[in-house]
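Asker: Please read through the structure below; I'll follow up with questions.
The values are calculated or read from the model by the stated rules, or taken from the named source; none is laboratory data. Source: prediction; values computed, not measured. We place every Cβ from the backbone using ideal geometry, glycine too, and count neighbours over all the protein chains shown.
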Ligand SMILES: *Cc1c(COP(=O)(O)O)cnc(C)c1O
């Protein structure tokens, strides 16, 4: 079965092998050297002043950003499950909340943010997804962050990059915290969360708050290549192995291939009569809206050995999402679009003629030559 869900993503063989070594004690020079290497490479990937690794799923990093960077009132962007989650965390942590709500295919607009900031001048932090995985939507985070900073440079901009870090180059100029998770674009098993931080964010964190998610104590320890509590040693070994894989061709090549694959998949599926759901699609996944979404997904699983994701909440049975994150062999992506065309033929919607795989190959190679 090909795993093509937008998280978890498949873990490369070399990485699984690296993680199969005997358990290391985390308080040893041996592990500190491994941690140091992972930390340096993570800082380079982020292009930010500071970073921390946490033993938690991505949501733990989201929560620690709310705890440590929002003192009073947060503005959150809810255009899907994960934006909604930021709002729920803000409430659960006892901070005040202003939420801008959008349909799951619609990106946040600067106009709305302008209005929200004007109405609530005491907002001290903005929480937004770069790629909102619920509908495969790309928010214009860089433009929004730049606008927010122009209004008030003290407002902390927290970007959830769980399906964006490792997918595309992110302009972090106006971003204070950038969250990543192991099981999406970084192709690791779940359980490791990462946050890139600006020096202003580090200042804002100060002494930190909370206990497990106190970012001040983590920063202090991690600058010395250790962690406040037991480190997820296996996942950090895996992170180095992923960087080794990525380094074989380089980060730029990973970004270029991901972008080409997303474009080629979109062209292939549009050519066989399918419709893209978000008005501004993210590169992390391809999301199709279709009345037969569930039937197509079931056929893919039962007949063509491909596991793709469906929709949640009001989009259950109405969309399907195909992963584009990570190192994906081209032939696998071609198999997926071809399988979708065959499923459409099974459903009597078109006669199979290989249009999808033809388009995919054409667009993919054209894009990479640019
Ligand atoms: C998966 C995901 C999360 C949640 O991460 P968990 O590791 O499941 O806690 C948050 N934000 C986005 C955009 C995601 O795709």
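Asker: Evaluate the stretch 201-214: report whether one residue or more is within 30 Å of residue 368 (Cβ to Cβ) and buried (at least 16 other Cβ atoms within 10 Å of the Cβ). Quick ask: steps written out before the conclusion?
Answerer: Going through the stretch 201-214, the residues within 30 Å of residue 368 (Cβ to Cβ) turn out to be none.
Among the residues of the stretch 201-214, not one is within 30 Å of residue 368 (Cβ to Cβ) and buried (at least 16 other Cβ atoms within 10 Å of the Cβ), which makes the answer no.
Asker: Name, by its number, the condition in (1) without any contact (Cβ under 8 Å) to a residue 40 or more places away in the chain; (2) crowded, with 16+ Cβ neighbours inside 10 Å; (3) in a loop (DSSP other than H, G, I, E, B) that does not hold for residue 171.
Answerer: It is condition (2) that residue 171 fails.
Asker: Can you say whether residue 229 is more than 20 Å from the chain's Cα centre (by Cα), in a loop (DSSP other than H, G, I, E, B), surrounded by fewer than 22 Cβ atoms within 10 Å (Cβ to Cβ) and touching a residue at least 24 places away in the same chain (Cβ under 8 Å), as far as the supplied structure shows?
Answerer: On the way: more than 20 Å from the chain's Cα centre (by Cα): yes; in a loop (DSSP other than H, G, I, E, B): yes; surrounded by fewer than 22 Cβ atoms within 10 Å (Cβ to Cβ): yes; touching a residue at least 24 places away in the same chain (Cβ under 8 Å): yes.
So residue 229 fits the description; yes.
Asker: Also, I was wondering about something else. Within the set of pairs 6 or more residues apart or between chains, which connect a residue that is farther than 24 Å from residue 313 by Cβ inside the stretch 110-135 to a residue that is within 11 Å of the ligand (Cβ to nearest atom) with Cβ atoms less than 6 Å apart?
Answerer: Pairs found: none.
Asker: Suppose we filter 128, 89 for residues that are surrounded by 20 or more Cβ atoms within 10 Å (Cβ to Cβ) and in contact with a strand residue (DSSP E or B) (Cβ under 8 Å, 6 or more places away or on another chain); which single one remains? Show your work before the answer.
Answerer: Values: 89 fails: in contact with a strand residue (DSSP E or B) (Cβ under 8 Å, 6 or more places away or on another chain).
Within the list 128, 89, the selection yields 128.
Asker: For the stretch 183-193, which positions are near the ligand (Cβ under 9 Å from one of its atoms) and over 19 Å from residue 158 (Cβ atoms)?
Answerer: Within the stretch 183-193, the first condition is being near the ligand (Cβ under 9 Å from one of its atoms), and the residues that meet it are 183-184, 190-191, 193.
Answer for the stretch 183-193, where residues must be near the ligand (Cβ under 9 Å from one of its atoms) and over 19 Å from residue 158 (Cβ atoms): 183, 190, 191.
Asker: Being assigned to a helix (DSSP H, G or I) and closer than 30 Å to residue 314 by Cβ narrows it down to one residue among 241, 216, 262; which is it? So that I can check it myself, show each step before the final result.
Answerer: Working: 241 fails: closer than 30 Å to residue 314 by Cβ; 216 fails: closer than 30 Å to residue 314 by Cβ.
262 is the lone residue from the list that is assigned to a helix (DSSP H, G or I) and closer than 30 Å to residue 314 by Cβ.
Asker: State yes or no: is residue 136 buried (at least 23 other Cβ atoms within 10 Å of the Cβ), within 21 Å of residue 308 (Cα to Cα) and modelled with pLDDT of 95 or more?
Answerer: yes
Asker: Would you check which residues across the stretch 271-302 are within 15 Å of residue 337 (Cβ to Cβ) and either part of a loop (DSSP other than H, G, I, E, B) or within 16 Å of the ligand (Cβ to nearest atom) (or both) and list them?
Answerer: 272, 273, 274, 285, 286, 287, 290, listed by residue number.
Asker: Among the numbered criteria (1) assigned to a helix (DSSP H, G or I); (2) more than 16 Å from the ligand (Cβ to nearest atom); (3) free of Cβ contacts under 8 Å to residues at least 24 places away in the same chain, which single criterion is violated by residue 88?
Answerer: Only one criterion is unmet by residue 88, namely (2).
Asker: Might you let me know whether the stretch 36-44 holds any residue that is within 16 Å of the ligand (Cβ to nearest atom) and either in contact (Cβ under 8 Å) with a residue 60 or more places away in the chain or exposed (fewer than 15 other Cβ atoms within 10 Å of the Cβ) (or both)?
Answerer: no
Asker: Determine which member of the set 97, 67, 75 is part of a helix (DSSP H, G or I) and within 28 Å of residue 146 (Cβ to Cβ). Walk me through it before giving the result.
Answerer: Values: 97 fails: part of a helix (DSSP H, G or I); 75 fails: part of a helix (DSSP H, G or I).
Testing whether each residue is part of a helix (DSSP H, G or I) and within 28 Å of residue 146 (Cβ to Cβ) leaves just 67.
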